[in-house]
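Trainee: Before we start, here is the structure in question, set down as structure tokens.
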Amino acid sequence: MAILPIIKGENTEVLRAVAAPVSQVTKEVIKLIKNMEETVKNAEGLGLAAPQIGQSVRVCLVMLYGKMTPMINPEILWKSEETSVMTEGCLSLPKIEVDVERPVEVTIKYTDKKGQEQERRLHDLDAKVMQHELDHLNGVLIVDYT
Ligand code: NI
């Protein structure tokens, strides 16, 4: 396992690309997840997306109920009409904080690291972090909400 450097800068190409779907949970994907877990723990983040360590694939980690949860090919199936504004930061944009308005509740699906599809309803901070990480997989950063 390894702690990897986090890519920074709002105009960095890999952070602005739409990441590619993962077709199969291979050993390489598992290794990527392990490295991301080490990296986000070291950085004391609530989440991390693969493009932030230079891999343009649809894999992210989201802290859910205190547990860092890997998500492969995450998607939002439903979002609440109710939104709220939260001040967000990003490991790729040090010292920048942006008030971001997002739905307070989402239903999501993703593939877990065993290759099984999961569906979950997320609320509040969990929902916000997941949406922030999903944005990374679509090349969207918090500065785009200003
Ligand atoms: Ni971020």
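Please treat every number below as a calculation from the coordinates, not as lab data. None of the values given here were measured: they were computed from a predicted structure. Heads up, the Cβs are rebuilt from the backbone with ideal geometry, glycines too, and the neighbour counts pull from every protein chain shown.
Trainee: What does the charge add up to near GLU82, with Lys and Arg as +1, Asp and Glu as -1, over the other residues with Cβ less than 12 Å from its Cβ? List each step's numbers first, then the result.
Mentor: Details: positive: LYS79, ARG102; negative: GLU81, GLU101, GLU105, ASP124.
So the surrounding residues net to -2.
Trainee: In addition: May I ask for the net charge around LYS27, where only other residues with Cβ less than 12 Å from the Cβ of LYS27 are counted and Lys, Arg are +1 while Asp, Glu are -1? Please list the in-between numbers first.
Mentor: Details: positive: LYS31, LYS34, LYS113; negative: GLU28.
Net charge around LYS27: +2.
Trainee: To the nearest 20 Debye, how big is the dipole of the chain about its Cα centre, given +1 on the beta carbon of each Lys and Arg and -1 on that of each Asp and Glu?
Mentor: Numbers: 17 positive and 22 negative charges, 139 e Å.
The calculation lands at about 660 debye.
Trainee: Can I ask one more? Rounded if a/c is under 1.5, else prolate if a/b beats b/c, else oblate: with a ≥ b ≥ c from the C-alpha gyration tensor eigenvalues square-rooted, which is the chain?
Mentor: It is oblate, given that a/c is not under 1.5 and a/b is not larger than b/c.
Trainee: Oh, and also: Shape call for the stretch 5-80 from the C-alpha gyration tensor, a ≥ b ≥ c root eigenvalues: rounded (a/c under 1.5), prolate (a/b greater than b/c) or oblate?
Mentor: Values: a/c = 1.15, a/b = 1.05, b/c = 1.09.
Cα axes put the stretch 5-80 in the rounded bin.
Trainee: May I ask you to compute the full-extension gain from GLU10 to LYS31, defined as 0.36 nm times their residue separation minus their alpha-carbon distance, rounded to one decimal in nm? Please list the in-between numbers first.
Mentor: Details: separation 21, 0.36 × 21 = 7.56 nm, distance 2.65 nm.
Separation in residues times 0.36 nm, less the Cα-Cα distance, equals 4.9 nm.
Trainee: Once you have a ≥ b ≥ c as the square roots of the Cα gyration tensor eigenvalues for the stretch 1-49, tell me rounded if a/c is under 1.5, and otherwise prolate or oblate according to whether a/b is larger than b/c. Write down the numbers at each step before the final one.
Mentor: Numbers: a/c = 2.23, a/b = 1.07, b/c = 2.07.
Oblate shape, in that a/c is at least 1.5 and b/c is the bigger or equal ratio.
Trainee: Which Cα, out of ILE3, CYS60, MET86, lies furthest along the positive dipole direction of the chain (beta carbon charges, K/R +1, D/E -1)?
Mentor: The residue sitting farthest along the positive end of the dipole is ILE3.
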